[in-house]
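The values are calculated or read from the model by the stated rules, or taken from the named source; none is laboratory data. Source: prediction; values computed, not measured. With ideal geometry, Cβ positions are generated from the backbone for all residues, glycine too; neighbour counts draw on all protein chains shown.
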């Protein structure tokens, strides 16, 4: 797959990334200190089904790099619950 087929964004606060079905390809979370969980959700808001919970310790980062894209039937929402998160870089591909 070529990079121009993917959407990407560096998210610093909770945000809806896709209103339509999509595939989640990659996520990378960076935090200044240990923090509460950051959720990637299949849906349009915090009520969406959790796909993955990203968490890390102080001055660490964590990546979500599945071997195959994760299908998100109802869209893609990022829920950042803590100010210690610097941001999350996310790549996805909208379908349809």
Completion exercise
Flagged in segment 12-35 as more than 11 Å from the chain's Cα centre (by Cα), more than 16 Å from residue 94 (Cβ to Cβ) and surrounded by 15 or more Cβ atoms within 10 Å (Cβ to Cβ), in numbering order, are 30, 31, 35
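Which ones in segment 1-11 are within 18 Å of residue 80 (Cα to Cα) and either surrounded by fewer than 12 Cβ atoms within 10 Å (Cβ to Cβ) or at pLDDT below 95 (or both)? Explain how you work it out, then say what you get.
First, the residues of segment 1-11 that are within 18 Å of residue 80 (Cα to Cα): 8-11.
The one that is within 18 Å of residue 80 (Cα to Cα) and either surrounded by fewer than 12 Cβ atoms within 10 Å (Cβ to Cβ) or at pLDDT below 95 (or both): 10.
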Practice task
Could you tell me whether residue 57 is at pLDDT below 95 and under 21 Å from residue 3 (Cβ atoms)?
Solution key: no
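Rundown of residues vs (1) more than 23 Å from residue 96 (Cα to Cα); (2) part of a strand (DSSP E or B); (3) without any contact (Cβ under 8 Å) to a residue 24 or more places away in the chain, yes/no style:
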| position | (1), (2), (3) |
| --- | --- |
| 17 | no, yes, no |
| 20 | no, no, no |
| 25 | no, yes, no |
| 29 | yes, yes, no |
| 34 | yes, no, no |
| 44 | no, no, no |
Exercise for the section: Output the residues belonging to segment 55-73 that are assigned to a loop (DSSP other than H, G, I, E, B), surrounded by fewer than 17 Cβ atoms within 10 Å (Cβ to Cβ) and either at positive phi or over 13 Å from the mean Cα position of the chain (by Cα) (or both). Expected result: 57, 58, 59, 60, 67, 68, 73
